[in-house]
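The values are calculated or read from the model by the stated rules, or taken from the named source; none is laboratory data. Everything numeric here is computed off the predicted structure, so don't read it as measured data. Note that each Cβ is placed from the backbone with ideal geometry, even for glycine, and that neighbours are counted across all protein chains shown. Side chains included, ligands, DNA and RNA excluded: accessible areas come from the protein's heavy atoms. Shrake-Rupley method; radii C 1.70, N 1.55, O 1.52, S 1.80 Å.
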Amino acid sequence: MRNLDSKSHVRGESVYLDDIPLVQGTLYACVFDSPAAHGKLISIDTGEAATSEGVVRVITAKDLIGENQIGGIVPDEPLLADGEVHFQGQPMAIVVAASEELARKSARKITAQIAPLPVITDPRVAAANGELIVPPKKFVLGDSAAAFANCAHVFEGRADVNGQEHLYIETQGTYAVPTENGGLKIHSSTQGPTVVQRAVCRVTGLPMHQVEVDVQRLGGGFGGKEDQANAWAGICAVAAQLTKRPVKYALHRMEDMRMTGKRHPYSADYRIGLDKDLKIVAYEVTFYQNAGAACDLSPPVLERTLFHCTNSYFISHVTATAFCCRTNLPPNTAFRGFGGPQGMFVIESAIAHAAEKLGVAAAEIQRKNLLDDGDEFPYGQIAESDAITSWTQGDEKYDFAKHQTDADEFNASSKYFKKGVAMMPVCFGISFTKTPMNQARSLVHVYTDGSVAVSTGAVEMGQGVNTKIAQVAAKAFGLDISQVKVHTANTLRIANTSPTAASAAADLNGKATQMACEAIRDRLLCLAKDLVEAEKVEDLSLENGFVFRNGERTSLDWQTLVMDAHLERVNLSEHSHYATPGINFDWSTAKGHPFAYHVYGTAIVGVTVDCLRGRYEVDYVKCCHDFGSSMNTAVDHGQIEGGIVQGLGWMTMEEVVYDAEGRLRSNALSTYKVPDIYSVPKEIAILPLETDRENLAVFNSKAVGEPPLMYGIAAYFAIRNAVAEFRKTAPPAADSDSVVLPFDAPFTPEKVLMALYR
Ligand code: MTE
Ligand code: MOS
């Protein structure tokens with residue numbers, strides 16, 4: 001079944017923030033943001049801006065009625081700079097004017113006097129200076145120090161992985177409209193309606209029941225709007241509160257790129273020990289996370305890096321340590337995979353390092369160490385593993401070895417084009433690792449004409465969650481999907497929502513919807529039992545718009561049943577609450593059972609490198625992926641293809657560049673390269689994993705939003721293998737004791753060229 005939004009999308013009729021009809025008297029906000037990455041704020045001169053044409057008000061920190069703070073986990077993020085500035089792009093003042101153009105023009109007239117302080121952009125330097133946002137986190141399994149003594153082979157090295165710009169098509173933005181008695185209605189492009197509600201309440205001083213947040217849909221979020229919609233919502237809310245007029249702010253692309261955080265870059269040190277049979281016995285890893293200037297979501301992102309630091313492998317002795325390092329860059333934030341991909345890149349680097357030194361294929365080490373049922377993760381959860389099954393089923397279908405022989409044959413006869421192949425098993429835990437966030441609510445109304453309205457806290461951002469929720473309701477009531485409408489995520493209808501994140505929105509909100517629908521269905525069937533004179537309710541079901549008895553259609557149709565129920569004063573509405581059972585995590589021991597289940601998969605990726613120019617193409621990505629029993633294969637295939645391409649982009653071409661002054665150099669689409677249609681692999685093949693395992697997802701489907709991104713990591717290693725093929729004929733590197741090439745993603749064409757001719 002198609003994504004319900006596809007028709008309105010292609011016709012340009014879908015409503016995003018910028019399409020919301022404006023209320024008369026609407027004003028426009030624009031911020032003046034810090035030109036310096038770190039400094040003492042001596043003065044800010046807003047005089048000229050305040051008297052400019054069309055300007056209604058200029059707002060600085062001292063004007064706020066509420067608290068000047070939007071930091072959710074650690075209160076270290078002022079809405080508007082006060083006393084000091086901490087990154088280039090930090091909002092310092094708000095200009096509110098009669099038009100967008102006048103607001104932007106006037107904001108440029110503001111000046112600030114800033115006494116420079118030292119700028120740190122490197123997380124290792126930050127850690128050395130004690131600039132940690134939260135204390136280090138650690139996972140320990142077994143005794144790695146002792147285990148290294150018994151390893152036949154030990155390798156150590158360093159791996160660096162860069163950030164990634166979210167590049168949602170719709171930039172950040174908010175439209176804040178005053179409501180009676182000092183309240184506010186906030187339209188926000190956010191993944192977290194409640195997160196925005198809390199931030200707005202904090203900066204305005206309003207109680208939560210005075211603030212309504214409504215989200216129709218996003219033109220993409222990818223994690224970038226889980227926490228970072230707050231600033232713009234806060235800015236518009238404060239401006240609306242102080243001017244008593246509606247205020248809108250939709251960021252320009254370059255404002256968005258400059259002022260918002262990205263995927264966290266990491267630098268890591270690893271040490272890996274193997275026995276003579278290539279079994280990984282011990283692994284030690286230290287992660288330096290570049291958190292940027294404020295906490296944002298960095299600690300939970302860092303935690304997920306630890307959760308996924310051994311990827312799909314069982315290693316009996318692990319010590320993993322992680323530092324959350326404060327630098328003078330925009331606060332980095334959630335991005336599809338939420339720190340997991342960075343953890344996986346490092347273990348894959350360590351394995352590639354060992355393979356190169358031992359002269360074996362990395363795939364051999366990968367395969368020999370896959371998690372099995374009953375193996376323990378470093379965080380204490382016991383695996384119900386499909387790591388081996390996904391590898392085996394993928395191999396049966398695609399014949400992994402043949403892809404390598406084909407590449408070898410090609411390489412033997414080709415001098416300037418070389419092919420490389422790499423495998424990427426993925427194991428990704430599903431659930432928010434902060435257990436209390438794993439809850440959701442759904443409000444279902446059946447109207448007297450038989451149509452159904454559903455509201456949940458899930459935010460539609462292109463991933464098709466609304467389609468899946470509509471499918472749940474249609475299935476529960478035995479109706480066609482056209483009878484169901486999923487409405488906006490709205491904090492008046494659904495309170496205390498968890499953000500749409502962690503790939504869990506369909507699971508959590510779908511389950512709550514299923515519960516609500518089934519409660520209504522049970523009441524209806526109770527009534528139907530009398531109407532069709534059935535012996536017991538259990539004999540009845542709802543299918544194809546009719547009541548069925550023992551599998552046979554009766555004359556009682558859905559619409560009649562609903563109207564009869566209303567006349568009998570049966571409640572046709574339900575509000576249900578779902579909380580994932582059986583999950584827990586205790587940070588005092590760093591052990592627990594944080595995930596409802598894991599998603600497994602195995603991909604093979606092949607590339608061709610042009611060894612004269614350093615360019616490359618991805619020939620294929622073929623994966624065996626665990627969908628569970630997919631609720632919607634069209635939507636899920638879209639998620640897998642999109643995730644893969646986004647992962648390839650991160651690993652190969654997207655290069656976030658800050659200079660030593662903390663200025664973003666890749667600040668536009670002319671200097672930041674994202675995958676386009678020409679960079680999409682020539683072939684993406686998807687084989688659904690076959691498993692009869694039960695899980696906690698809705699109708700035994702499985703979360704699909706994030707895990708496929710990590711297949712893209714194989715592209716890095718496939719390119720590396722192709723480069724190594726070419727270099728076989730080159731003189732050995734001077735530092736032949738270390739690995740031939742540093743592990744430093746992304747592998748841009750420039751870096752490939754340098755590596756080829758190092
Ligand atoms: N797909 C599209 N089209 N747009 C997005 O913004 N975000 C991703 C993923 N797929 C995203 C997407 C991220 S980061 C997550 S966590 C999940 O969707 C969230 O949605 P879900 O929980 O419904 O899978
Ligand atoms: Mo996704 S990074 O959990 O929003």
Q) Across the range 310-320, what is the total count of residues that are open to solvent by less than 10 Å² (accessible area, probe 1.4 Å) and not in a loop (DSSP other than H, G, I, E, B)? A) 3
Q. Which of the following residues is at pLDDT 95 or above and more than 30 Å from F338 (Cβ to Cβ): P123, P116?
A. P116
Q. Can you name the number of the only condition in (1) in contact with a Lys or Arg (Cβ under 9 Å, 6 or more places away or on another chain); (2) open to solvent by 10 Å² or more (accessible area, probe 1.4 Å) that T333 fails?
A. (2)
Q: Kindly indicate which of E552, E543, E538 is open to solvent by 60 Å² or more (accessible area, probe 1.4 Å), of a type in the set (D, E, K, R) and under 41 Å from the mean Cα position of the chain (by Cα).
A: E543
**Q.** Of residues in the range 410-436 being of a type in the set (G, A, S) and over 31 Å from the mean Cα position of the chain (by Cα), the one least open to solvent (accessible area, probe 1.4 Å)
**A.** S414
Q: Kindly indicate which of V618, V562 is within 30 Å of A730 (Cα to Cα) and modelled with pLDDT of 95 or more.
A: V618
Q: Give the residues of the range 689-730 that are outside any helix (DSSP H, G or I) and either aliphatic (A, V, I, L, M) or closer than 17 Å to A361 by Cα (or both), sorted by residue number.
A: L689, L696, A697, A703, V704, K728, A730
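Table: residues versus (1) of a type outside the set (G, A, S); (2) over 26 Å from I169 (Cβ atoms); (3) in contact with a Ser or Thr (Cβ under 6 Å, 6 or more places away or on another chain); (4) at pLDDT 95 or above.
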{"position": "S8", "(1), (2), (3), (4)": "no, no, yes, yes"}
{"position": "G39", "(1), (2), (3), (4)": "no, yes, no, yes"}
{"position": "Q69", "(1), (2), (3), (4)": "yes, yes, no, yes"}
{"position": "E84", "(1), (2), (3), (4)": "yes, yes, no, yes"}
{"position": "L102", "(1), (2), (3), (4)": "yes, yes, no, yes"}
Q: Report, ordered by the first and then the second residue, all pairs with beta carbons closer than 6 Å, sequence separation of six or more or different chains, a first member in the range 682-709 that is open to solvent by 10 Å² or more (accessible area, probe 1.4 Å), and a second member that is in a strand (DSSP E or B) and of a type in the set (D, E).
A: K682/D619
**Q.** Contacts under 6 angstrom Cβ, first residue in the range 480-508 being within 11 Å of ligand 2 (Cβ to nearest atom), partner open to solvent by 10 Å² or more (accessible area, probe 1.4 Å) and not in a loop (DSSP other than H, G, I, E, B), 6 or more apart
**A.** S498/M437; P499/V195
(Q) Looking at the range 363-388 only, could you name the residues that are in a helix (DSSP H, G or I) and out of contact with any Asp or Glu (no Cβ under 8 Å at 6 or more places or on another chain)? (A) A363, E364, I365, Q366, R367
**Q.** In the range 363-394, the residues that are touching a residue at least 60 places away in the same chain (Cβ under 8 Å) and under 17 Å from T691 (Cα atoms)
**A.** A383, E384, S385, D386, A387, T389, S390, W391, Q393, G394
(Q) Being open to solvent by less than 10 Å² (accessible area, probe 1.4 Å) and within 16 Å of ligand 2 (Cβ to nearest atom) is the requirement here; does Q289 meet it? (A) yes
(Q) For the condition within 16 Å of ligand 2 (Cβ to nearest atom), under 14 Å from A516 (Cα atoms) and modelled with pLDDT of 95 or more, what is the one hit in A458, A473, A440? (A) A440
Q. Going by the structure shown, is L709 away from ligand 1 (no atom under 16 Å from the Cβ) and either at pLDDT below 95 or not charged (D, E, K, R) (or both)?
A. no
**Q.** Candidate set: the range 459-493, residues that are more than 15 Å from ligand 1 (Cβ to nearest atom) and assigned to a loop (DSSP other than H, G, I, E, B); chosen: the one farthest from T448 (Cα to Cα)
**A.** T491
Q | the range 463-480: number of residues that are within 22 Å of L525 (Cα to Cα), open to solvent by 30 Å² or more (accessible area, probe 1.4 Å) and under 28 Å from the mean Cα position of the chain (by Cα) | A | 1
Q: Search the range 495-531 for residues being away from ligand 1 (no atom under 15 Å from the Cβ) and assigned to a loop (DSSP other than H, G, I, E, B), and hand back the single one that is farthest from L556 (Cα to Cα).
A: N496
Q: For F323, work out the one condition from (1) open to solvent by less than 40 Å² (accessible area, probe 1.4 Å); (2) of a type in the set (A, V, I, L, M, F, W, C); (3) touching a helix residue (DSSP H, G or I) at 6+ places or on another chain (Cβ under 6 Å) it doesn't fulfil.
A: (1)
(Q) Cβ-Cβ distance below 7 Å, separation of 6 or more or different chains: which pairs start in the range 628-649 with a residue that is farther than 22 Å from V698 by Cβ and end on one that is away from ligand 2 (no atom under 16 Å from the Cβ) and among the aromatic types (F, W, Y)? (A) I644/Y711; G647/Y711
